Structure formats: structure tokens, C-alpha cells
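Data first, discussion second: the structure below is written as C-alpha cells.
The values are calculated or read from the model by the stated rules, or taken from the named source; none is laboratory data. Computed from a predicted structure; not experimentally measured. As a convention, Cβ positions derive from the backbone with ideal geometry for all residues, glycine included, and neighbour counts pool all protein chains shown.
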Amino acid sequence: MRHYEVMYIINASVEEEKRTALIESLGQIITNDGGKITKTDEWGMRDFAYEIEHMTKGYYVVVTFEADNDTVSEFDRLMRINPNVVRYMIINKDEQHAQEGKK
């Protein structure tokens, strides 16, 4: 299994209860396929540097996890179609560390 980090932004209009349920369900996508979440860090509501789809703020979440390629592919697919996720980025931490070692 490889190490990954995902940062995603939830639409600011999502109510707190639904936002908490969404964060939990997104985590379950990883764990149901055999992945392991090592850390979830909620940064909270932040202003955007620029307007995105007529929005000026969103709720930021950073999750560090271990998973195989199939799990990450499925997570990526489900993030892409989720209407409450404004933006997201998945980073392979193993590749990042390898690049830092080559400098």
C-alpha cells in the first residue's frame, strides 16, 4: 500500500450535520476497500483566493491515508461526481518523498 494525502473543499452551503456525514462517508470509501486513514485534519471554513463557481469560501479537509491503486481510483471517481465537493487534490506521498531525495 502507498501513502497518500488528499485535500478537498466542501461547499460552504452544506449544513454542519451533512458536512460531518460527508467527511465520514468519504473516509469510508477508503476504509471499505482495505485502505487505512492515518489522519484527518479539518481546517474549517476558509476564503478562496478567487471565486470558484460563484462561491467565495469553502470548508477545507486534509486526509492522510494508505491505500492501493484501485482504492485511490475509486475514491477519485467518487470525488469527481460528488456535487458537494468543490475541489480536491490527491498527492502520492511516496513519489513526493522520492522527488525530494533526488534534489
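With respect to the conditions (1) without any contact (Cβ under 8 Å) to a residue 60 or more places away in the chain; (2) within 15 Å of M89 (Cβ to Cβ), Y59 lacks only one, and its number is (2).
Only one of the numbered conditions (1) closer than 16 Å to I81 by Cα; (2) β-branched (V, I, T); (3) in contact with a Ser or Thr (Cβ under 9 Å, 6 or more places away or on another chain) is violated by I37, and that is (1). The residue that is modelled with the lowest pLDDT, among those in the range 43-75 that are charged (D, E, K, R) and closer than 14 Å to I9 by Cα, is E53.
For the range 1-40, the set of residues classified as surrounded by 12 or more Cβ atoms within 10 Å (Cβ to Cβ), among the acidic types (D, E) and under 14 Å from the mean Cα position of the chain (by Cα) consists of E5 only.
Scanning the range 48-94 for residues that are in a strand (DSSP E or B), of a type in the set (S, T, N, Q) and loosely packed, with under 13 Cβ neighbours inside 10 Å turns up just one, T56. In the set I37, I10, only one residue is touching a helix residue (DSSP H, G or I) at 6+ places or on another chain (Cβ under 8 Å), free of Cβ contacts under 8 Å to residues at least 40 places away in the same chain and assigned to a strand (DSSP E or B); that residue is I37. Residues of the range 1-22 that are closer than 9 Å to Y59 by Cβ and β-branched (V, I, T): I9, I10, V14.
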